[in-house]
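Trainee: Below is one structure. I have some questions about it.
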Amino acid sequence: MNAGITSSITTDMTPGADLISFLDESPSPWHAVASTVRRLDGFVELDEREPWPSIPDAGLVVREGAVIAWRLPANPDAAAGFRIVGAHTDSPCLRVKPNPDSSTVGWKQLAVEVYGGILNNTWLDRDLGVAGRLVSSDGSTRLVDVRRPVARVPQLAVHLDREVNSGGLRLDPQQHLAPVWGVGGATRGEFARWIGAEADLDESPSWWELCLYDVQGAAVLGADSSLLASGRLDNLASCWAATTALVAAEPTDQVAVLVFNDHEEVGSASTTGAQGPFLEAVLDRLVRGLGGDRDALLRALASSACVSADNAHAVHPNYVDRHEPDHRPIVNAGPAIKINANQRYATSAETASMFQQACERAGVPWQVFVSRNNMPCGSTIGPITSTRLGISTVDVGVPQLSMHSARELCGADDPGHLAAALTAFLT
Ligand code: ZN
């Protein structure tokens, strides 16, 4: 690991072992929420279905693959507003279909559905485990994580595809991404019985949401240990940084909030996505719990600010031409402030300045990303949150390569840079 950042706010936010544990413990959105909650030691969990007669100084609410947590300042004012850090728990992957059992020419295979914009080729020839949530016949839910190689999407040999290196690899997601997970014939219910036994259930689960994932764990990479390789860096690196920041921050005037939404990779339109009502409902209840009314809520929202943290594209040494020459992030040079005049990012000149000041208070570097005019720009939860709630927002992110690969790459120092900047923002 490279020398860590030192800031006036925190003593040690190098990624190190805790980030690697967070990545490895979070192979699905529901596991990412559980990993986050484990790190929020002492936070009181509230139930959305119950009344909230008092607001704990440090609290959290879980809604499936999404979580919101907060810390109150010493003398909270219902109308003073919020300092919010947003990120997302989901990553593109292959998901196991409800009737997955099939066999072809002596191979057992699993039927999978593509979740989000995966890089198809990166799922080939990897040792895949399976993780997610199971629902039993009584409606109870249980997390399961089979962290060992159980499946693989085998690539066709070069001898049987002579044009692959010159003509490019073309993969049909229905035909070519079905993994093998054994040999012999398939029987209906076989996978359900197997995953039920793995989760110590007495019966096969009735329903599931299960992600396949690369069982190779997160690892520091490079002869100088300057890089970090892992699945799901987009966007668990931001979730780790935000969680670390909320624990370290000392809120002064405004309520410090983190919100991790699910379903960002598929458009955010769900009960747990950024287009849903989760954040608005919780902020409303916090204001009312602190003695405020509708007027206080609207004043609070108008006084609030949000940092939407989602990874950015670092400049690629083999594809330098894909970046705008004067706005291309490099790794280990701090979080990138993402700007798009067409509002694919929510950043304004004022919110960029706000985040720059947080970086400077934390003593961490920062940089700017703008995409080329001839390349479509991605988007994230920032514009959705700012549109829904009218909260001033800045989009930022750790620069990385191989976004949406089964195994991504970022600078080893940048998650710590982001954590320090977010701590300064929340304080
Ligand atoms: Zn993302």
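The values are calculated or read from the model by the stated rules, or taken from the named source; none is laboratory data. Quick caveat, the model's predicted, so the values are computed rather than measured. Virtual Cβ from ideal backbone geometry, glycine too; neighbours counted across all protein chains shown. Just the protein is used for accessible areas: all its heavy atoms, side chains included, with ligands, DNA and RNA removed. Shrake-Rupley method; radii C 1.70, N 1.55, O 1.52, S 1.80 Å.
Trainee: Relative contact order of segment 205-256, please, whole-number percent, based on alpha carbon pairs below 8 angstrom and at least 6 residues apart.
Mentor: 20 percent
Trainee: Over the Cα atoms of segment 93-214, Rg to Rh with Kirkwood Rh, two decimal places?
Mentor: 1.01
Trainee: Right, here's the next one. Leaving out ligands and nucleic acids, and using a 1.4 Å probe, what accessible area per residue does segment 93-214 come to in Å²?
Mentor: Averaged over the residues of segment 93-214, the accessible area is 55 Å².
Trainee: If DNA, RNA and ligands are ignored and the probe is 1.4 Å, what is the ranking of Glu209, Glu265, Glu250, Glu64 by accessible area, most exposed first?
Mentor: Glu250, Glu64, Glu209, Glu265
Trainee: List the residues of segment 97-136 whose backbone N lies under 20 Å from a point placed 7 Å from the Cα of Tyr319 along the Cα-to-Cβ direction.
Mentor: Inside the label zone: 115-125.
Trainee: Calculate the spin-label point distance for Arg372 paired with Asp224, positioning each point 7 Å from the Cα along the beta-carbon direction, and give it in nanometres.
Mentor: A separation of 2.7 nm, rounded to one decimal place.
Trainee: If Val146, Val315, Val105, Val220 are ordered by their accessible area, calculated over protein heavy atoms with a 1.4 Å probe, which sequence runs from highest to lowest?
Mentor: Val105, Val220, Val315, Val146
Trainee: Additional query: Counting only heavy atoms of protein chains, what accessible area per residue, in Å², does segment 258-353 have with a probe of 1.4 Å?
Mentor: I get 44 Å² per residue for this part.
Trainee: Under 1.5 on a/c is rounded, so check that first for the chain, then, if it is not, pick prolate when a/b is larger than b/c and oblate when it is not; a ≥ b ≥ c are the square roots of the alpha carbon gyration tensor eigenvalues.
Mentor: Judged from the Cα gyration tensor, the chain comes out oblate (a/c at least 1.5, b/c at or above a/b).
Trainee: A follow-up question, please. Listed highest first by mean packing, meaning other Cβ atoms within 10 Å per residue, what order do 410-420, 51-61 come in?
Mentor: Packing order, densest peptide first, comes out as 410-420, 51-61.
Trainee: With the crude spin-label approximation of a point 7 Å out along Cα→Cβ, what separation in nm comes out for Ser102 versus Asp127?
Mentor: Going by the 7 Å Cα→Cβ label model, 2.7 nm.
Trainee: Right, another one. For segment 28-64, which trypsin sites (Lys or Arg not before Pro) are both in a DSSP coil and crowded by at most 15 other Cβ atoms within 10 Å?
Mentor: Arg49
Trainee: Classify segment 336-427 as rounded, prolate or oblate, taking a ≥ b ≥ c as the square roots of the eigenvalues of its Cα gyration tensor: rounded when a/c is under 1.5, otherwise prolate if a/b is larger than b/c and oblate if not.
Mentor: The shape class here is oblate.
Trainee: Moving on to the next point. So which chymotrypsin sites (Phe, Trp or Tyr not before Pro) in segment 236-340 pass both tests, a DSSP loop state and at most 11 other Cβ atoms within 10 Å of the Cβ?
Mentor: Tyr319
Trainee: Hey, can you grab everything whose amide H is under 5 Å from the amide H of Met403? Only 5+ residues off in sequence or another chain; H modelled, so Pro and N-termini drop out.
Mentor: Under 5 Å from the amide H of Met403 lies no amide H from a residue far enough along the sequence or on another chain.
Trainee: Over segment 93-214, what percent of the accessible surface lies on carbon and sulfur atoms, probe 1.4 Å?
Mentor: On segment 93-214, the fraction of accessible area on carbon and sulfur atoms equals 49 percent.
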